[in-house]
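Since the structure comes first, as structure tokens, the remarks are kept for the end.
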Amino acid sequence: MAGKVGPDFVTVGRCKGRGGVEGVESVERAPRSMALLGSVHARLSQRARARTLFRISAPVFVCLLVFTRLEWSWGRRAHEMINAHAVENLPEPLRSYFRERAGYLVEHSSDPDQLVADDPSERPHHFTDADADDTYPFPRLEQRFVRERRAPTAAERRNGDVIWQIETYTLRLSRDFKIKRWGVANQDAVFVAHYAADLTQPLHTVINYDGQLTHQAGIHARFETELVNALGDELKLAPHPASDVSELRSRIFQELVASYCARLAVFDADRRAVAGRSYLDPGFFPAFEKFAAPVADERMSAAVSFVSSLWYTAWVRAGRPPLPPPSKEEK
């Protein structure tokens, strides 16, 4: 677990013994390079401006986000930070290889989100609602995904197939390394990272993805975008070192369950922050930041470890091929 960011730490990782949606027993399903790190923080850190933006845009979020599931993932800043930290979390020689490409990996970290507007089929690739047709600890999904290694059914695609996408793009990246397709490897590394990071966002694993079932509409953007933008350099990510993943689907499923368990801390932080006030109250966001910052820190640290481990695993599975020297990529 990452270090504490603020007081009143909210426990991350508690999981309900039964199914259900944060106290709702029966619901109807809703519609569906370290210098570079410094530059990312400096370019995007405007804490006061982020808070002002939140207060101005809150009514819009409450009205719009409750009705439709848009192309949500970690916000742009979070994806940039995750990719930049993931590069530095790699062992050599892969760290030097990815440092050479860090600018591309950071700049294009949100490219998969841009596809959603043009291709509706892209939307389900960014989440998996684990509680849509199963209950914790999701034995049916584990049986199909991990043990039987099945492709997603039509229903599973509708509930989000990010867990399958992570495997698909990790294997693609491994193939790129094997046949020395370095230019394509850059693109596939972006998709591996984006989908893997999305899975570590707790609200990408539940039906109640925007608090629409618990009177917390807008929590999705509050947590993954407004909070991260406001915290900036206060997020002191502490990822576990990258490691070779021997059982890819098993590791992906573990990340799904860990993220699902962390959802309670997100909802609880929001609930505590709004108690006795409205979401537009000037005191709400500072309170939400205090309660939710540890969750964001832990989840983004998990994302860095997961992303870097998948990049490393792709290279190991390719046979640890020699990597190209700096500035001599083969297209």
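Using a 10 Å cut-off around each Cβ, can you sort ARG277, ARG299 from fewest to most neighbouring Cβ atoms?
Going from sparsest to densest Cβ surroundings: ARG277, ARG299.
Could you give the semi-axes, largest first, of the ellipsoid that matches region 47-317, computed as the square roots of 5 times the alpha carbon gyration tensor eigenvalues and rounded to whole Å?
Square roots of five times the eigenvalues give 30, 22, 16 Å.
Please give the net charge around ARG175, taking every other residue with its beta carbon less than 11 angstrom from that of ARG175, where Lys and Arg add +1 and Asp and Glu add -1.
Neighbourhood net charge equals +3.
Excluding residues on the same chain fewer than 8 positions from LYS290, give the aspartates and glutamates whose Cα lies under 17 Å from its Cα.
Candidates past the 8-residue exclusion: ASP8, GLU224, GLU226, ASP233, GLU234, ASP268, ASP270, ASP281, GLU298.
Which of the trypsin sites (Lys or Arg not before Pro) across region 72-170 are loop residues per DSSP, with 13 or fewer other Cβ within 10 Å?
ARG149, ARG150
What's the local net charge at HIS79, with K and R +1, D and E -1, over the other residues with C-beta under 11 Å away?
Overall, the nearby charge balance is -4.
Can you pull the three principal axis extents for the Cα set of region 96-180, in Å, largest first?
Here the spans come out as 43, 31, 21 Å, largest first.
Where a number appears in this text, it was derived from the coordinates with a stated rule and is not lab data. On a predicted model such as this, the values are computed, not experimentally measured, just so you know. As a convention, Cβ positions derive from the backbone with ideal geometry for all residues, glycine included, and neighbour counts pool all protein chains shown.
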